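Working notes for the structure below.
Computed from the coordinates by the stated procedures, all read-outs in this text should not be read as laboratory data. Note that the structure is a prediction, hence the values are computed from the model and not measured. As a convention, Cβ positions derive from the backbone with ideal geometry for all residues, glycine included, and neighbour counts pool all protein chains shown.
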Amino acid sequence: MASSTSVALSQALAVRDDAALETCLTVQDDGIIASSVAKLGAAQSTALLEALVARLHRQPQQAARLVPWLRALLLAHGAALAATPSGQAALQLAHQTLQERTASYNALLALSGRLQVLQAAASSGVGSGAGGSQAAPKVVFTHAG
């Protein structure tokens, strides 16, 4: 299967066949991914990087499926990509795309933390004093940014 994936990947990149490339990217076995990516030439590795980044940018929910391919590509061809202008441009775009995704993740993580604090306060009975009177909150959360 590894050699057939490698051949299919090379052909898809050579003719810029998105449907064939998409079929190759469904493979999730790390060994097959690493073997297939290692056999790519410089131009094909740049094309794969550009295709992966475009997919990550267009469909961020596909990150779990695409990141193993990106990781294998960078491990096998990172130095070669950094040595060419087209590779540098693709790496810069990859960096920007991943930075955007990370920034969104950090904001969502902060929101999740605030919601957990509120949920903990609500489940501990804050504000439900005897006789219906409300006590001062035990936890006060202030967001600075």
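In order along segment 3-13, the Karplus-derived 3J(HN,Hα) couplings, from 6.51 cos²θ - 1.76 cosθ + 1.60 at θ = phi - 60°, round to 6, 5, 5, 5, 5, 4, 5, 4, 5, 4, 6 Hz, and Gly and Pro are given as x. The residue list A51, Q11, A107 was ranked by how far each Cα lies along the charge dipole of the chain toward its positive end, using unit charges on Cβ atoms, and A107 comes out on top.
Annotation for T142 and A54: the two label points, set 7 Å from Cα along the Cα-Cβ direction, are 5.0 nm apart. If the Kirkwood radius is taken over C-alpha pairs of segment 1-82, then at 25 °C and 0.890 mPa s the Stokes-Einstein diffusion coefficient equals 199 µm²/s. Using 0.36 nm per residue and subtracting the Cα-Cα separation, the extra length available between A83 and E22 on full extension is 19.2 nm.
Between A14 and A64, the contour length at 0.36 nm per residue exceeds the alpha carbon distance by 15.5 nm. Mind giving me the FRET efficiency for N106 and D29? R0 is 30 Å, r the Cβ-Cβ distance, nearest 0.05 is fine. Once rounded, the FRET efficiency stands at 0.45. Summarising the amide proton neighbourhood of L25: residues at separation of 5 or more, or on other chains, whose placed amide H is nearer than 5 Å comprise an empty set.
Only Cα pairs under 8 Å and at least 6 apart count here; give the relative contact order of the chain as a rounded whole percent.
Values: 105 pairs, mean separation 25.9, N = 145.
Relative contact order, the chain: 18 percent.
So what's the chain giving for Cα Rg divided by 2.2 N^0.38 Å, two decimals?
The reported ratio for this selection is 1.59.
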